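This report refers to the structure that appears directly beneath it.
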């Protein structure tokens, strides 16, 4: 004589079992014990406390994400600042010892500042459009913005420390290049994202 399958016992537990299965369980101690275990499992599951997630968890999750992003940015900016400072030291060292350094005029620096301001206006227009960007493009934008912030810091330090015109012009050229890359990154994204 064979024992009932688990499917037959589940059907019997749910009140849908056949008369033959019921008759077998009444006479078979092993199947009756297994059916009783099924009833006990159901009762134990029903006795578990019901857990409902709190409804106001989003602010905590959002704050944790913001803190994590801020840490990553600061870490990235820290290493970028070290690299920028090293590049600045090398550039100043080369410009002071290197032969044939061309003098930079105040007009050239003003033209670079004006070009940077024009690119800022283009970016303001793009930001107001509220374009949707994908994750990779957003990461590239964040990295460019971080690099621009480091260059801005270098410009402020150069202006406060009365750096040479050559160094100031180099920093403004770098800022214009990065700003141009940032505009191109924004413009390269299609304006419509649909399914």
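The values are calculated or read from the model by the stated rules, or taken from the named source; none is laboratory data. Since we're looking at a predicted model, the values are computed, not measured. We place every Cβ from the backbone using ideal geometry, glycine too, and count neighbours over all the protein chains shown.
Tabulated data
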| quantity | calculated |
| --- | --- |
| Qualifying residue in the stretch 35-50 (condition: at pLDDT 85 or above, surrounded by 10 or more Cβ atoms within 10 Å (Cβ to Cβ) and touching a helix residue (DSSP H, G or I) at 6+ places or on another chain (Cβ under 6 Å)) | yes |
| Filter result (assigned to a loop (DSSP other than H, G, I, E, B) and either within 52 Å of the chain's Cα centre (by Cα) or surrounded by 10 or more Cβ atoms within 10 Å (Cβ to Cβ) (or both)) within the stretch 4-15 | 4, 5, 14 |
| From the options 124, 166, 145, residue that is in a helix (DSSP H, G or I), at pLDDT 80 or above and exposed (fewer than 13 other Cβ atoms within 10 Å of the Cβ) | 124 |
| Sole exception among (1) over 18 Å from residue 114 (Cβ atoms); (2) surrounded by 19 or more Cβ atoms within 10 Å (Cβ to Cβ) for residue 132, by number | (2) |
